[in-house]
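Here the structure is laid out as structure tokens; the discussion comes afterwards.
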Amino acid sequence: QVQLVESGGGLVQAGGSLRLSCAVSGSIFSINVMGWYRQAPGKQRELVATITNGGTTNSAESVKGRFTISGDNAKHTVYLQMNSLKPEDTAVYYCNAGVKERCWMTERNYWGQGTQVTVSS
């Protein structure tokens, strides 16, 4: 069983910063990609940023220059440093990981429970 546990959400004023963390635990052979997605009320879930186990990152245009994704492969943990937050960044942020539990198994996609980020104007 694989679990993703997020932390670090909260309420912050516009222009402030937050750091999200997501730790993957359980039966893990390898993790190929980890990332963050977000879903605002009434909107579809959207990509925020991803990072491969090799360190290659990708991020949405709306967060480039403000958010930074990083990871610790040894700890199976991914971080999202969010600076210069805007009210439009308000959403539930979900951690995602592509995990192989055994070398012979195919990769499966896992999600965290989500953490609320609220940015006040």
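A few remarks follow.
- Area projected by the alpha carbon convex hull of the chain, averaged over all directions, nm²: 7.2
- Judged by a Cβ-Cβ distance under 4.7 Å, the unpaired cysteines of the chain are Cys103.
- For Gly16, the residues 5 or more places off, or on other chains, whose built amide H falls under 5 Å of its own are Leu85.
- Greater than 21 Å apart at Cα, pairs in Lys43/Lys86; Lys64/Lys100; Lys75/Lys100: Lys64/Lys100
- Percentage relative contact order, the chain, counting C-alpha pairs under 8 Å, at least six apart: 36
We did not get these values from a lab; they are worked out from the coordinates using the rules stated. Nothing here was measured: the structure is a model prediction, and the numbers come from that model. Quick reminder, even Gly has a Cβ in these numbers, built from the backbone with ideal geometry, and neighbours come from all protein chains shown.
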